[in-house]
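Some notes on the structure that comes next.
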Amino acid sequence: MRTGYWLLIIALAVLVTGMVATWRGTRQAAASAAIMTRVGTVKEIMEGIVDPSADVVWESVATNITAAGVEEKAPKTDDEWAAVQHSALMLAEAANLLKMRGREIARPGDINKSGPDAPELTPPEIQEKVNRDWSLWITHANRLQETAIKAWAVANARDVNGIVDVGDAIDKACESCHLEYWYPDMKKPRSERAGSRR
């Protein structure tokens, strides 16, 4: 009888401890979420962080053919490698910003269209697609982040060939997302695209 009593006391103590830990965790998560302020829109993050960071990675290794001959470009100094490392890190962290719920695609009144028959969706159309399937948006942001983390590791290893390979992977991650949200009409055959004259 005494053993059953003590087992009941221990079980209740474990239950209460678990409930208190869960309650504290929920409060801490809510407090963390409350202090995050979304400053930029998705478009501003793309233009201010993603594009410039990806450009540094892409442009860090190149082969240029000129009248004078073949010119190879690759990071050589600590500072040049640091620039690639920092840009890859910013690209990876930018994906976290894109995964924050509640971030607007663009400022009100901002227009993406490059012309009347342009293939781009408007910011409200993009926002509606993101809101309709948040998990797909997260999949694209994760893909960007995974390739950016690889770029960071490759840059830390100072692997010139790896930069070329990971640069291609970053391009594919970006283009995959753009074909889903920015200009999805471009996935269709030319004859089926909006504004097609065929």
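Taken together, the values in this text are just the output of simple stated rules run on the coordinates, not laboratory data. The shown structure was predicted, so the numbers you read here are calculated from the model rather than taken from an experiment. Please note: Cβ atoms are built from the backbone with ideal geometry, for glycine as well, and neighbour counts cover all protein chains shown.
Here are a few things to note about the model shown:
- Exposure proxy ranking, count of Cβ atoms within 10 Å, fewest first, for Ile9, Ile138: Ile9, Ile138
- Remark: the Thr66-Asp117 segment gains 14.6 nm on full extension, using 0.36 nm per residue and subtracting the alpha carbon distance.
- Using a Förster distance of 41 Å, the FRET efficiency for Ala11-Asp133 (Cβ separation, nearest 0.05): 0.45
- Taking every C-alpha pair closer than 8 Å and separated by at least 6 residues, the mean separation divided by the residue count of the stretch 49-198 gives a relative contact order of 26 percent.
- Footprinting exposure proxy for Met100, Met36, Met46 (fewest neighbouring C-beta atoms within 10 Å first): Met36, Met100, Met46
- Reference-scaled alpha-carbon Rg (2.2 N^0.38 Å with N residues) for the stretch 52-96: 1.38
- Contour minus Cα-Cα distance for Ala74 and Asp171 (0.36 nm per residue): 33.1 nm
- Cβ-Cβ distance of Val164 and Thr37, R₀ of 45 Å, FRET efficiency by 1/(1 + (r/R0)^6): the value works out to about 0.75.
- Fraction of alpha-carbon pairs over 18 Å apart in the stretch 133-188 - percent: 40
- Overall, the ratio between the Cα radius of gyration of the stretch 50-161 and 2.2 N^0.38 Å, rounded to two decimals, is 1.36.
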